[in-house]
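Step one of this worksheet: look at the structure below.
Values in this text are rule-based calculations from the coordinates and carry no lab data. Everything numeric in this text was worked out from a predicted model, so none of it was measured. Cβ placement follows ideal geometry from the backbone for every residue including glycine, while neighbour counts extend to all protein chains displayed.
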Amino acid sequence: MKQANAPNTDYKALVRQGCDLCAAAYDKARWAETNPELTLLTSRLSDGATVLDVGCGAGVPIARALAERFIVTGVDISCEMISRAHVNVPEGRFILGDIMSVEFPPSCFDAAVAFYSIFHLPREEHPCLFQRIHGWLKPGGYLLATVSQFSEAPYTEDDFHGVTMYWSNLGLEDYKKTLSEIGFALLETTVIGHGYREASGTPEECHPLIFARKG
């Protein structure tokens, strides 16, 4: 683990390059996951609802599962991940871009999900991201997202599916406060693992999962 504080380093470019390079390994590691926690959301949505997948990666397993009943739009910064998402989930709509730069009309989604993606953005952008998502959701729309338990200064590691990857996160209580201030009502908080199948050999992790509704 190394501090990520080099003033001349573009850490978003590092994430994009790393995801391009590890896309095949990441796709394989997540392919077999079922993500039963999606039921928190899917049980409350009608067929044909519109769902935004923030940091959709290669589209598996989240966008793939959602696309069975809903209209899914995924956004990811990695060209290789988006290419794979088009193949893995041909019925989905996938956009290559930084979630902080893409634009959607106000109140156009019934729900938004963000699994294992928010902590790859600089943490100073997280409140703005949630504000943007809030604006894109219809009144009463849902947010389901993994966050981090504790606040940590930005850092990089060299062992993320064989590439260097960047992390930056606030703590769970910070996220709860931010969501409340923006206008989300927190419905449930639980904990899930790292989202990879056991055969990947990746050490187990725990990530808070927040489920909230636009007030």
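Could you tell me the calculated FRET efficiency between Asp98 and Glu173, based on Cβ-Cβ distance and R0 = 25 angstrom, to the nearest 0.05? Between Asp98 and Glu173 the formula returns 0.40.
Applying 1/(1 + (r/R0)^6) with r as the Cβ-Cβ distance of Ser43 and Ser107 and R0 = 25 angstrom yields a FRET efficiency of 0.65.
Quick check for you: which residues of segment 40-58 have the amide N under 15 Å from the point 7 Å beyond the Cα of Glu91 toward its beta carbon? Label zone hits: 46-51.
Run through segment 58-148 and list the trypsin sites (Lys or Arg not before Pro) located in a DSSP loop whose Cβ has at most 14 other Cβ atoms within 10 Å.
Arg69
When only Cα pairs below 8 angstrom with a gap of at least 6 residues are kept, the chain shows a relative contact order of 22 percent. With both residues required to sit in segment 2-214, DSSP beta bridges show an antiparallel share near 55%.
Over all pairs of different C-alpha atoms, the chain has a mean inverse distance whose reciprocal, the Kirkwood radius, equals 17.2 Å. Result for the chain in a Gaussian network model with C-alpha springs under 10 Å: among Ala145, Ala58, Ala32, the largest mean-square fluctuation is at Ala32. Listed by chain and number, the lysines placed with their C-alpha closer than 30 angstrom to that of Lys214 are Lys12, Lys138, Lys176, Lys177; residues fewer than eight positions away on the same chain are left out. Computed over the chain, the per-residue total of -39500 (n - 2.57) for DSSP H runs of n ≥ 4 gives a 222 nm mean residue ellipticity of -8500 deg cm²/dmol, rounded to 500.
Within segment 87-215, the ratio Rg/Rh, alpha carbon atoms throughout and Rh by Kirkwood, equals 0.97.
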